[in-house]
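The values are calculated or read from the model by the stated rules, or taken from the named source; none is laboratory data. Because the structure is a prediction, the values reported are computed rather than measured. Note that each Cβ is placed from the backbone with ideal geometry, even for glycine, and that neighbours are counted across all protein chains shown. Remember, those area values only see protein heavy atoms, side chains included, never the ligands or the DNA or RNA. Shrake-Rupley method; radii C 1.70, N 1.55, O 1.52, S 1.80 Å.
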Amino acid sequence: MKIGVLALHGAVIEHIEVLRKIGVEPVSVRLPEDLVGLSGLILPGGESTTMRKLVARWNLREPIMALARSGAPILGTCAGMIIVAKEIAGGDEPVFPLLDVTVERNAFGRQLDSFETELAMPIVGDRPVHAIFIRAPIIERVGPGVEVLARLPDGRVVAVRQRNVIAISFHPELAGETRIHRLIATMAAEYAEPGEGTGQRGAEPWSLREAK
Ligand code: GLN
């Protein structure tokens, strides 16, 4: 089973290392053909405007949308969260309109540019996640069908899932955190080889089941 990391720009190598650490074969995705045979894709942090331009330039938009629509798990972290949102506050056009949320870029302003905190994220277990925020976006609006996975203590939403798409404001790959990647790997394994009772690929995506 292979999971891709969009490798145009940003925190690519860190995701590749986490995937290796958990025993998943990582693939650097730069061209549409790199997506062939993948069971999941990670969209890393970086600068979403740069990613938007490079995605268009290398004709990656349609093939990544097709992979996502086929039910393969997609994990967007930070800038990766921005590019999977259906709506970007301020009116930027969406890049991969997959997730029914509105994101606000650089939501913490200059005073709180970057910070670290412990967050409850029950989908990955009882132990809190060490969350590193770097000029991070926040989710302002959560559409129906979108599950909130983590909030800041003040209630603001920083991690969500809609079916096969997970988006988080922070950087697990910089914090030695492997559980979010393990979750994606579990989803990818199910996508690659649907278990009993799930029928054909895409017929009943794993993601429609309730998370434990
Ligand atoms: N501020 C960046 C953007 O708006 C995201 C920052 C990050 O990915 N660490 O694209």
Carbon and sulfur %, accessible surface of the chain computed with the full protein complex present, 1.4 Å: 49 percent
Pair-distance profile P(r), taking every C-alpha pair of region 1-111, with 5 angstrom steps and integer %: 2, 13, 24, 25, 19, 10, 5, 2, 0
Debye intensity ratio in log₁₀ form over the Cα atoms of the chain, taken at each q of 0.12, 0.14 Å⁻¹: -0.55, -0.77
Calculated from backbone phi, Karplus (6.51, -1.76, 1.60) coupling profile of region 121-129 in Hz, x at Gly/Pro: 9, x, 4, 9, x, 6, 5, x, 8
Phi to ³J(HN,Hα) by Karplus 6.51 cos²θ - 1.76 cosθ + 1.60 over region 80-94, Hz, x for Gly, Pro: x, 5, 4, 7, 9, 6, 6, 9, 10, 4, x, x, 4, 5, x
Other-chain or far-sequence residues with amide H under 5 Å of L149's (modelled H): A159, V160, R161
Of the trypsin sites (Lys or Arg not before Pro) in region 76-132, those whose Cβ has at most 11 other Cβ within 10 Å and which sit in DSSP loop: R110
Convex hull volume per residue in cubic angstrom - Cα atoms of region 36-97: 78 Å³
Max mean-square fluctuation residue, GNM over the chain, Cα-Cα springs under 10 Å, options I22, I166, I88: I22
Rounded to whole Å, sorted largest first: equivalent-ellipsoid semi-axes of region 96-139, Cα gyration tensor: 21, 18, 6
Residue-normalised accessible area of the chain, expressed per residue, 1.4 Å probe, Å²: 46 Å²
